[in-house]
Amino acid sequence: MSVKSRNLYLIPYAAWIVLFVVAPIALIVYYSLFDIEGKFTFSNYSDFFTPVYMRMTLSSFWYAFLITAFSLLIAYPAAYLLTRTKHKQLWLLLIILPSWINLLLKAYAFLGLFGTYGIVNAALETFGIGRQQILFTDFSFVFVSVYIFIPFMILPVFNALEKMNPSLIDASRDLGASAWTTFRRVVFPLTINGVKAGCQAVFIPALSLFMITRLIAGNRVITLGTAIEQHFLVTQDWGMGATIAVFLVVIMALIMVLTGNRPKREVSR
Amino acid sequence: MASQRISRGWKWSNLYLIAVFVVLYAPIFFLTLYSFNSGGAMHDFEGFTLEWYKEVFADTRLLIIVLNTLVIALLSSALSTILGVLGALAIQHVRRRRTQNMLLAFNNVLIVSPDVIIGASFLILFTIIGIKLGFVSVLLAHIAFSVPIVVIMVLPKLEEMSSTWIDAARDLGASRSDVLTKVILPYIRPGIFAGFFMALTYSLDDFAVTFFVTGNGYSTLAVEIYSRARQGISLSINALSTLIFLFTIILVIGYYFINQRGNRPPGTEVQQ
Amino acid sequence: MKQLVRMFIAVFVVAFALVYGVHLLNSSEGYAGSNTLTIYNWGDYIDPDLITEFEKESGLKVIYQTFDSNEAMMTKIEQGGTTFDVSVPSEYAISKMKEENLLLPIDHNKLPNLAHIDERFLNLSFDPNNEYSIPYFWGTVGIVYNPSMLDGWQIKSWNDLWDPRLRNQILLVDGAREVIGFGLNSLHYSLNDTEEAHLQEAKNKLSTLTPNVKAIVGDEIKMLLANEEAAVGVVWSGDASEIMGENENLDYVVPEEGSNLWFDNMVIPKTARNIEGAYKFMNFMLDPEHAAQNAEYVGYSTPNKDALAILPEDISGDERFYPVPELTEKLEVYRNLGKRMLAHYNELFLEFKMHRK
């Protein structure tokens with residue numbers, strides 16, 4: 001392929017990268033070097049390594065991990081079953097569709113569903129379990145987060161499963177492997193790239209969730225995203241907010257490198 | 001086909017999918033149910049009314065905002081799809097792995113950055129460039145944050161396409177543009193559709209970025225709902241969401257079946 | 001390929017049809033001309049009928065845009081690129097905006113209706129002589145509680161919140177100044193206190209409140225309290241009157257240790273284009289009839305003494321929302337503590353939130 005054709009594709013994309021990726025990152029790094037009074041300093045970075053922010057980072061990771069794990073646990077079978085349905089593309093679209101309804105509205109709906117006098121509690125009571133506090137707990141936070149992220153997990157897993165050759169399963173079963181062995185040794189390894197992509201698509205945004213932390217978790221969960229929002233919108237300490245953002249970008253880069261799954265392929269000629 | 005195995009697990013597996021769908025749609029049905037509530041709030045269903053639907057159609061400002069939101073969503077996802085496909089092709093064409101990974105890393109920055117940061121940095125950026133806040137700034141911002149998701153959706157399809165195909169086409173005398181329009185684009189079409197729909201999703205769902213970069217009376221639905229929520233959400237917003245939801249579901253199903261009649265359904269033609 | 005092209009053409013055609021639709025709607029509403037006034041206010045902080053009436057009276061078209069925090073509003077105005085003619089910040093934000101030269105001075109001669117404002121709301125420390133701002137609403141911070149959920153117990157003070165009977169029953173507003181403020185008040189310190197020892201003491205006291213706190217939430221606090229999701233809430237007075245309008249079981253009290261007295265005033269940001277229109281609007285809102293109508297709709301307390309005279313007795317005579325001057329003298333107005341101190345307050349608040357784990 002000639003250099004010319006390559007450049008043609010690259011021009012608009014590179015322009016986008018420079019304008020909307022490099023420039024904002026540069027701005028964020030620049031802002032992270034100033035304290036709240038506009039003085040040049042590295043103190044934001046040393047502040048980040050204080051117990052408050054370290055605890056926040058750890059709890060963000062823990063919740064992001066939980067959210068990713070549960071998303072995968074629920075999404076994988078769902079994606080698998082979707083590939084077996086008749087109008088699978090339609091069902092897939094219908095999985096994405098709920099995310100077109102405004103998130104804030106859905107959060108309010110969850111407030112109504114999970115409330116002390118909400119529908120879920122009414123159901124629990126009729127089953128004789130009795131009213132529980134669902135709202136403002138870890139459970140409701142993880143549940144709603146998984147709800148939000150599940151399409152982003154189903155989509156790549158679905159695509160990976162679609163790519164898989166179904167005769168491989170038959171072959172495995174014919175050779176006497178159990179369903180579990182077939183899954184563990186054949187299906188899962190073949191779809192590992194989709195799983196990785198899904199985990200990336202869920203884990204990294206889950207680190208920086210906000211709004212849900214207030215609406216559904218009642219600020220019982222504080223993530224790095226909440227802190228950034230606070231610093232940008234309330235304290236107006238853009239320096240500290242930008243510093244946390246820099247860390248998130250670095251963490252993101254690390255995760256991408258660690259789970260890097262660019263399939264090895266021949267570069268033509 | 002492995003139809004035997006499917007029929008064995010039929011009941012159980014369908015139950016699982018049904019459960020997933022029920023949970024996914026539960027909040028939406030909840031919103032819809034209360035859009036008929038004469039009580040005026042999202043609790044204590046008092047009686048049936050269509051009052052909120054009337055209110056939606058009487059509220060011109062709300063209708064303008066809905067149209068604005070749709071315009072932004074459609075334009076930004078179409079333009080970002082074009083840009084994203086070009087981007088995926090560009091990444092694919094780059095020969096050095098290092099450069100490729102670097103491009104991908106840059107690509108993913110916006111996907112993983114918290115909305116607040118994107119919004120704030122775009123606000124500063126637009127102010128520096130001197131773009132007036134309003135339609136243009138919102139459109140640019142939406143295009144900007146939708147491009148990477150399109151790239152992510154298209155790239156795997158490009159990569160799974162073996163390069164021998166392209167070589168074969170070239171050897172058979174196809175011009176470069178023919179290779180693109182007759183071989184590559186049809187092959188990656190499912191990826192392009194997926195990218196377009198994801199971009200649409202991101203755009204319709206976005207609140208934080210728009211909140212920062214909008215101004216001068218221009219508003220999208222998410223921002224408007226957020227500011228109206230201060231006094232507790234009016235049920236006319238529920239009514240509006242119900243209408244939008246019905247509209248999209250008809251659109252999606254209609255599109256799917258029209259498409260299926262005319263062509264093979266998108267995505268399935270990829271399998272050999 | 002053909003399908004792709006078809007889809008993209010369809011998308012663009014639909015989009016442009018919609019743009020045309022917006023244009024039609026806009027011009028049918030008269031927004032197209034340059035004869036507009038842009039108001040930047042809190043969400044639902046004005047009776048929409050008043051906007052319609054003002055449009056009729058002045059011949060101007062009003063564009064009403066909303067914000068949800070003083071900080072977000074200031075960020076927007078500071079960055080420029082917007083043309084807001086009137087805005088309604090709170091007192092500490094006004095003094096901050098004044099410092100940063102974001103406001104235009106106000107010519108009182110153009111506001112004959114200013115005479116209707118009660119003098120105790122004029123010439124306050126955050127804006128001497130009301131050079132930059134005109135009173136819009138005022139109120140307090142206090143406790144909303146549900147006696148029927150508390151066996152008739154009447155809450156009177158901040159320190160009542162620490163009572164073990166309130167375990168997991170309190171909702172707090174998500175505001176650093178409010179929460180740290182009542183922590184300080186409960187120890188009989190000023191809510192503008194900047195002494196580190198006092199602040200630490202307040203924070204330590206607040207952390208012992210943790211078992212009683214069910215959640216720290218935003219505007220949804222109104223809905224949650226009205227639905228009896230919790231028995232007690234720390235809220236602004238206007239929110240309280242709204243909650244009580246929805247659920248009559250609830251009561252509001254301004255705690256005896258003292259609390260916050262706040263003001264939202266109208267200002268003209270430096271980005272204003274239609275300054276004459278801004279004066280017209282402010283004068284319109286200062287008219288007693290309009291101010292009374294607005295106060296009835298929004299539920300906050302009006303500083304307009306002649307509007308108060310028009311309001312029904314059950315509103316104007318309610319001492320919970322129109323406390324007598326002797327009481328308001330005990331209350332404190334937030335001072336602009338400076339960025340660094342505000343950041344420190346937020347850090348303490350963050351630590352308080354994290355403490356629950």
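The values are calculated or read from the model by the stated rules, or taken from the named source; none is laboratory data. Please read these numbers as outputs of a predicted model, since none were measured by experiment. As a convention, Cβ positions derive from the backbone with ideal geometry for all residues, glycine included, and neighbour counts pool all protein chains shown. Note: accessible area is taken over every heavy atom of the protein model, side chains too, but ligands, DNA and RNA are not part of it. Shrake-Rupley method; radii C 1.70, N 1.55, O 1.52, S 1.80 Å.
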With criteria (1) free of Cβ contacts under 8 Å to residues at least 40 places away in the same chain; (2) in contact with a strand residue (DSSP E or B) (Cβ under 8 Å, 6 or more places away or on another chain); (3) surrounded by fewer than 16 Cβ atoms within 10 Å (Cβ to Cβ), C:ALA292 comes up short on (3)
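Residue-by-condition table, conditions (1) within 9 Å of chain A (Cβ to nearest Cβ); (2) touching a strand residue (DSSP E or B) at 6+ places or on another chain (Cβ under 8 Å); (3) under 20 Å from C:VAL5 (Cβ atoms); (4) part of a loop (DSSP other than H, G, I, E, B):
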residue	(1), (2), (3), (4)
B:SER137	no, no, no, no
B:LEU140	yes, no, no, no
B:VAL154	no, no, yes, no
B:GLU159	yes, no, no, no
B:TYR187	no, no, yes, no
B:PHE197	yes, no, yes, no
*asked:* When you scan region C:180-191, do you find a residue that is open to solvent by 10 Å² or more (accessible area, probe 1.4 Å) and free of Cβ contacts under 8 Å to residues at least 60 places away in the same chain, even just one?
replied: yes
**OP:** For region C:61-69, indicate whether the set of residues that are more than 10 Å from chain B (Cβ to nearest Cβ), surrounded by 23 or more Cβ atoms within 10 Å (Cβ to Cβ), in contact (Cβ under 8 Å) with a residue 24 or more places away in the chain and under 16 Å from the mean Cα position of the chain (by Cα) is non-empty.
**Re:** no
Notebook entry, point to check: Is there a residue in region B:14-31 that is among the hydroxyl-bearing types (Ser, Thr, Tyr), within 11 Å of chain A (Cβ to nearest Cβ) and either surrounded by fewer than 18 Cβ atoms within 10 Å (Cβ to Cβ) or touching a residue at least 60 places away in the same chain (Cβ under 8 Å) (or both)?
Noted result: yes
Within region B:196-226, restricting to residues that are among the hydroxyl-bearing types (Ser, Thr, Tyr) and open to solvent by 10 Å² or more (accessible area, probe 1.4 Å), the one that is nearest to B:LEU110 (Cα to Cα) is B:TYR202
Sole miss for B:ASN101 among (1) open to solvent by 10 Å² or more (accessible area, probe 1.4 Å); (2) more than 9 Å from chain A (Cβ to nearest Cβ); (3) farther than 13 Å from B:VAL213 by Cα; (4) in contact with a Gly (Cβ under 8 Å, 6 or more places away or on another chain) is condition (2)
Residue hits (region A:129-155; open to solvent by less than 40 Å² (accessible area, probe 1.4 Å), part of a loop (DSSP other than H, G, I, E, B) and more than 14 Å from chain C (Cβ to nearest Cβ)) are A:GLY130
With the first residue restricted to region C:90-113 and required to be within 12 Å of C:ILE77 (Cα to Cα), and the second required to be hydroxyl-bearing (Ser, Thr, Tyr) and part of a loop (DSSP other than H, G, I, E, B), Cβ contacts under 9 Å at 6 or more apart or on different chains are C:MET97/C:TYR132; C:LEU102/C:THR271; C:LEU103/C:TYR132
How many residues of region A:54-67 are surrounded by fewer than 16 Cβ atoms within 10 Å (Cβ to Cβ) and within 13 Å of A:PHE210 (Cβ to Cβ)? The answer is 0
Can you find a residue that is at pLDDT below 90 and in a loop (DSSP other than H, G, I, E, B) anywhere in region C:86-104?
yes
For region A:34-65 the number of residues that are within 18 Å of C:HIS355 (Cα to Cα), more than 10 Å from chain C (Cβ to nearest Cβ) and among the polar types (S, T, N, Q) is 2
Given the conditions (1) more than 27 Å from B:LEU125 (Cβ to Cβ); (2) facing chain B (nearest Cβ under 9 Å); (3) more than 20 Å from the chain's Cα centre (by Cα), every one holds for C:TYR45 apart from (3)
The condition of being part of a loop (DSSP other than H, G, I, E, B), within 14 Å of chain B (Cβ to nearest Cβ) and out of contact with any Leu (no Cβ under 9 Å at 6 or more places or on another chain) holds, among C:THR83, C:THR38, only for C:THR83
Scanning region A:68-94 residue by residue, the ones that are closer than 29 Å to A:ILE255 by Cβ, facing chain B (nearest Cβ under 8 Å) and surrounded by fewer than 18 Cβ atoms within 10 Å (Cβ to Cβ) total 1
Only unsatisfied item for B:PRO114, checking (1) facing chain A (nearest Cβ under 9 Å); (2) at pLDDT 85 or above, is (2)
A:TYR31 meets each of (1) open to solvent by 60 Å² or more (accessible area, probe 1.4 Å); (2) within 14 Å of chain B (Cβ to nearest Cβ); (3) free of Cβ contacts under 8 Å to residues at least 24 places away in the same chain with one exception, condition (3)
Among (1) touching a strand residue (DSSP E or B) at 6+ places or on another chain (Cβ under 6 Å); (2) touching a residue at least 40 places away in the same chain (Cβ under 8 Å); (3) outside any loop (DSSP other than H, G, I, E, B), C:GLU55 falls short only on (2)
- Task: State whether one or more residues within region C:308-321 are surrounded by 21 or more Cβ atoms within 10 Å (Cβ to Cβ), within 21 Å of the chain's Cα centre (by Cα), touching a residue at least 40 places away in the same chain (Cβ under 8 Å) and within 25 Å of C:ASN146 (Cβ to Cβ).
- Result: yes
### Task
Evaluate the following for B:LEU67: is it within 14 Å of chain A (Cβ to nearest Cβ) and either closer than 30 Å to A:LEU19 by Cα or at pLDDT 90 or above (or both)?
no
Would you say B:ALA194 is more than 30 Å from C:ASP85 (Cβ to Cβ), over 19 Å from the mean Cα position of the chain (by Cα) and at pLDDT 75 or above? no
When region C:328-357 is checked residue by residue, the ones that are of a type in the set (Lys, Arg), touching a residue at least 40 places away in the same chain (Cβ under 8 Å) and at the interface with chain A (Cβ under 10 Å from one of its Cβ atoms) are C:LYS353, C:ARG356
A careful count of residues in region B:221-251 that are modelled with pLDDT of 75 or more, within 14 Å of chain C (Cβ to nearest Cβ) and under 18 Å from B:PHE29 (Cα atoms) gives 8
Matching residues in region B:34-61 (open to solvent by less than 60 Å² (accessible area, probe 1.4 Å) and at pLDDT 85 or above) number 10
Any hit, region C:247-261, residues being closer than 19 Å to C:TYR92 by Cβ, more than 19 Å from the chain's Cα centre (by Cα) and open to solvent by less than 50 Å² (accessible area, probe 1.4 Å): yes
Can we say B:ILE117 is out of contact with any Lys or Arg (no Cβ under 9 Å at 6 or more places or on another chain) and touching a residue at least 12 places away in the same chain (Cβ under 8 Å)?
no
Checked pairs for region A:161-178, first more than 9 Å from chain B (Cβ to nearest Cβ), second among the polar types (S, T, N, Q) and open to solvent by 30 Å² or more (accessible area, probe 1.4 Å), C-beta under 8 Å and 6 or more apart or across chains, list as A:SER172/A:THR181
